[in-house]
Amino acid sequence: MGKILAISNQKGGVGKTTTSVNLSSSLSYLGKKVLLIDIDYQANATTYMGINRANLKYTVADIFHERVSIHEVIQKVPSVNVDIIPARYELGTIEHSLISHSNKDYILSNAIEEVKDLYDYIIIDCPPSLGIVTINGLTASDSVIIPVQCEFLALDGLTQLLNTIRLIQNKQKFNNKKLNIEGVLLTMLDTRSNIGYEVINEVKTYFKEKVFKTIIPRNVKCSVAPSYGLPVTEFSPRSKGSISYQNLAKEVAKLNE
Ligand SMILES: Nc1ncnc2c1ncn2[C@@H]1O[C@H](COP(=O)(O)OP(=O)(O)OP(=O)(O)O)[C@@H](O)[C@H]1O
Ligand SMILES: [Mg+2]
């Protein structure tokens with residue numbers, strides 16, 4: 001049965017998508033069957049994985065509109081052995097369309113139920129918000145990975161995310177799940193400046209053993225790889241960014257043995 005992991009932080013640009021894409025590719029190298037679900041209307045995970053958005057017949061928005069079966073939306077990523085449910089700009093209006101839906105928080109959870117036994121891991125790349133789409137992603141998940149950028153104001157707004165997680169835990173009685181925090185992932189560490197190390201101390205004081213041992217360094221290959229439509233683990237396998245994401249995958253796999 002697949003483990004469902006949301007990658008979430010409502011703060012923008014902290015490395016959610018980079019983590020979703022490279023954790024997916026790295027888990028696949030460990031022989032795991034992985035499905036990556038893009039629920040961000042910016043569709044960055046879709047683009048980072050080299051999917052041409054213009055040619056898509058269906059996207060995750062069709063799942064939210066309950067127009068097609070989830071099976072029809074699943075595609076193969078060209079470069080790695082990972083399946084993907086792509087997103088596109090039309091997801092941007094979904095929050096409005098779902099306002100009066102009676103079971104709006106559970107749409108994704110219900111859809112994933114149909115395929116979860118086909119995968120070892122289902123990774124959900126959440127948007128930088130705490131709206132209905134993110135609530136769907138978290139409600140569908142067994143646990144959440146929270147990427148935190150090693151920069152000034154790193155912990156800003158995290159209380160809101162933690163409150164949202166608590167609210168979802170209270171509601172999840174209805175779909176027999178209990179959302180856990182899988183771990184906090186420190187990202188984009190600049191080893192030449194002190195601020196990054198100060199953030200690491202602050203995050204470890206607050207989240208203690210919930211902080212992943214793997215820390216993702218700032219590495220230019222991570223920011224170049226998406227323009228080639230490749231995970232950094234394919235674009236530059238021996239780069240520091242690639243190796244750190246492969247270490248993260250080993251840590252996640254070990255936690256779930
Ligand atoms: N380890 C890294 N080293 C260097 N650049 C990185 C690293 N991780 C991510 N980036 C770059 O930082 C930017 C933000 O990363 P990413 O898109 O993963 O963040 P995000 O949290 O998904 O953003 P959003 O909130 O907009 O969805 C991107 O340009 C990405 O290429
Ligand atoms: Mg993103």
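The values are calculated or read from the model by the stated rules, or taken from the named source; none is laboratory data. Just so it is clear, the structure is predicted and the values come from calculations on it, not from any experiment. Here the Cβ positions follow ideal geometry from the backbone for every residue, glycine too, while neighbour counts run over all protein chains shown. Accessible surface is based on the protein model in full, side chains and every heavy atom, while ligands, DNA and RNA are left aside. Shrake-Rupley method; radii C 1.70, N 1.55, O 1.52, S 1.80 Å.
Remarks
- Qualifying positions in the stretch 74-84 - assigned to a loop (DSSP other than H, G, I, E, B) and within 16 Å of ligand 1 (Cβ to nearest atom): none
- Ser102 vs. criteria outside any helix (DSSP H, G or I) and out of contact with any helix residue (DSSP H, G or I) (no Cβ under 9 Å at 6 or more places or on another chain): yes
- Selection of the stretch 139-156 for residues being closer than 15 Å to Gln172 by Cα and away from ligand 2 (no atom under 15 Å from the Cβ) yields Thr139, Ala140, Ser141, Asp142, Ser143.
- Any hit, the stretch 50-73, residues being more than 16 Å from the chain's Cα centre (by Cα), open to solvent by 10 Å² or more (accessible area, probe 1.4 Å), more than 23 Å from Ile146 (Cα to Cα) and within 15 Å of ligand 1 (Cβ to nearest atom): yes
- Restricted to helices (runs of 4 or more DSSP H) entirely inside the stretch 158-246, those with at least 2 residues that are more than 16 Å from ligand 1 (Cβ to nearest atom) and open to solvent by 10 Å² or more (accessible area, probe 1.4 Å) are 158-171, 194-207.
- Single residue of Val144, Val133 found to be modelled with pLDDT of 95 or more, open to solvent by less than 30 Å² (accessible area, probe 1.4 Å) and closer than 21 Å to Glu209 by Cα: Val144
- Verdict on Gln149 being polar (S, T, N, Q) and at pLDDT 95 or above: yes
- Evaluation of Ser26 against the conditions (1) away from ligand 1 (no atom under 13 Å from the Cβ); (2) over 21 Å from Glu182 (Cβ atoms); (3) in contact (Cβ under 8 Å) with a residue 24 or more places away in the chain; (4) assigned to a helix (DSSP H, G or I) shows that the sole unmet condition is (2).
- The one condition in (1) outside any helix (DSSP H, G or I); (2) more than 16 Å from ligand 1 (Cβ to nearest atom); (3) open to solvent by 10 Å² or more (accessible area, probe 1.4 Å) that Gln42 fails to fulfil: (2)
- Scanning the stretch 181-197 for residues that are of a type in the set (Val, Ile, Thr) and under 23 Å from Thr164 (Cβ atoms) yields a count of 3.
- All of (1) closer than 17 Å to Pro127 by Cα; (2) among the aromatic types (Phe, Trp, Tyr); (3) away from ligand 2 (no atom under 15 Å from the Cβ) hold for Tyr29 with one exception: (1).
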